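Have a look at the structure below before the remarks.
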Amino acid sequence: MQELNTKETSVALADDLANDLALLLEPYKREKIFVLTDDNTFKMCFPLIQQVPGISFDRCIIIGAGDAHKDIAALTKVLEALVVGGATRHSLLVNLGGGMPCDLGGFAAATFKRGIAFINIPTTLLAQVDASVGGKTGINFMGFKNEIGSFMQARQVLVDTSLLKTLDSENLISGFAEMIKHAYLKGTEMLERTLRFDILNPDMKELAALVAESIKIKDEYVTADPFEKNIRKALNLGHTIGHAFESFALKKNRPVFHGYAVAYGMVAELYLAHLKLQFPMALVEQLSEYVKRVYGSFEYAAADFDYLYETMTHDKKNQAGRINFTLLRNPGEVAINIHCERHEVEEALKYFIGK
Ligand SMILES: NC(=O)c1ccc[n+]([C@@H]2O[C@H](COP(=O)([O-])OP(=O)(O)OC[C@H]3O[C@@H](n4cnc5c(N)ncnc54)[C@H](O)[C@@H]3O)[C@@H](O)[C@H]2O)c1
Ligand SMILES: [Zn+2]
């Protein structure tokens, strides 16, 4: 196991998952240890950690797979299993899954007996580079994403890219969009390396190296601003328009993966960065072509601008009705809280349609 040089979240890269986990669980040997999975990770990932030498899990809690289950009913199920299983304040919860079980399990751990320790073992690319790192936990509520939650850091995140072997390619490509986002925040060298990587036909060894770099970039922003008061907002690049695309697609009954929406949103937002901050147009075109090739096209018309703009005004990160964007001057030169007028946002939406 190799400790990554991160500050806010403790992250280690696994060499041998079961043995590495045995080392991490050593301090909890005399305590109760619970594992949380969803239906899929129970089948595909739990067998890989079931035989941790010298450790027996008290209970494996299984919730339904998919974001529809990131809800209060699943949270209740987890909390009930902890109570029935005799969990104490010294017990440990191991979240084995994508962003959904990591967010939900982290929140259960944050609130159970005012907080117990948890470890994340992220099993999707999105969770490895993003959701499992940074301390945001929570559930969806009354139709709103992550409406209830808390900040609570995992005691440890253990990343093993070989878990991605069973992940379907759409989920893999979706997670890669967050790595592209991190690369834009870091700078030209990381960006070129990331865009050169062939995610459609991935070399898993190179992917593991890129994942490690990507986690470090996220951790730098989380360390600088753990509670997202200022610079952590950089991580929203592509997400203001991306979330509007995601809602729009859902409304039209043709849902898209989160990372796909973020990839489309990044193209539109880089164009906005060009309008507002002179981000180089050649780089906007480069991403636009890349996204079209890897993520395909995303369709809407000028008649949909009202809905898209309206959705952006509801983003919980806005203040006083103004839509603020995270934009770039150049790769690695971030500007947060950039207010854009409606006609500027529409121009960016128009640019994306023409692509
Ligand atoms: N906390 C944060 O900072 C943060 C950041 C980004 C996203 N998120 C949250 O993360 C969630 C999205 O994460 P996700 O995309 O990982 O979703 P997910 O956990 O729902 O996983 C996607 C699908 O992949 C399956 N799966 C997981 N691992 C697998 C594996 N190894 N092999 C085969 N199938 C596997 C799951 O069962 C599920 O069907 C959302 O709820 C989002 O809000 C949180
Ligand atoms: Zn995202």
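Every number in this text was worked out from the coordinates using simple rules, so none of it is lab data. Bear in mind the structure is a predicted one, so any value in this text is a computation, not a measurement. Backbone-built Cβ (ideal geometry, glycine too); neighbour counts: all protein chains shown.
When you count the other C-beta atoms within 10 angstrom of each residue and take the mean per peptide, 226-232, 97-103, 147-153 line up highest first as 97-103, 147-153, 226-232. Among 7/316; 205/276; 113/251; 32/181; 70/181, which pairs are too far apart, with a Cα-Cα distance over 31 Å? Among 7/316; 205/276; 113/251; 32/181; 70/181, the Cα-Cα distance tops 31 Å for 205/276; 113/251; 32/181. Here the Karplus curve 6.51 cos²θ - 1.76 cosθ + 1.60, taken at θ = phi - 60°, turns the phi angles of segment 228-235 into couplings of 6, 7, 9, 5, 4, 4, 3, 5 Hz, with x standing for Gly and Pro. Shown is the FRET efficiency for residue 67 and residue 320, computed with R0 = 41 Å from the Cβ-Cβ distance and rounded to the nearest 0.05: 0.85. Which value at 222 nm does the chain reach when only helices count, each DSSP H run of 4 or more adding -39,500 (n - 2.57), with the total divided by all residues and rounded to the nearest 500 deg cm²/dmol? Result for the chain, helices only: -14500 deg cm²/dmol.
Taking 252, 43, 113 in turn, the Gaussian network model of the chain (Cα-Cα springs below 10 Å) assigns the largest fluctuation to 252. Summarised in one figure, the compactness ratio Rg/Rh of segment 170-354, Cα atoms and Kirkwood Rh, is 0.94. Directionally averaged projected area (segment 1-158, Cα convex hull): 8.3 nm².
The phi torsions of segment 178-194, fed into the Karplus equation with coefficients 6.51, -1.76 and 1.60 and a -60° offset, translate into couplings of 5, 6, 5, 4, 4, 5, 4, 6, 7, x, 4, 4, 5, 5, 5, 4, 5 Hz, rounded to whole numbers, with Gly and Pro shown as x. Placing +1 on the Cβ of each Lys and Arg and -1 on the Cβ of each Asp and Glu in segment 170-354, which of 265, 314, 227 has its Cα farthest towards the positive end of the resulting dipole? It is 227, whose Cα lies furthest towards the positive end. Between residue 150 and residue 188, the distance separating the two model label sites (each 7 Å from Cα on the Cα→Cβ line) works out to 4.6 nm. Which one of 240, 187, 281 is farthest out on the positive end of the charge dipole of segment 170-354, using unit charges on Cβ (Lys, Arg +1; Asp, Glu -1) and the Cα centre as origin? After comparing all options, I get 240.
Counting other C-beta atoms within 10 Å, which of 298, 57 has the fewest, and how do the rest follow? Going from sparsest to densest Cβ surroundings: 57, 298. Relative to the Cα centre, what is the charge dipole magnitude of segment 2-166, using +1 at the beta carbon of each Lys and Arg, -1 at the beta carbon of each Asp and Glu, and rounding to the nearest 20 debye? The calculated dipole for segment 2-166 is roughly 480 debye.
Taking one quarter of the surface of the convex hull spanned by the alpha-carbon atoms of the chain gives a direction-averaged projected area of 16.5 nm².
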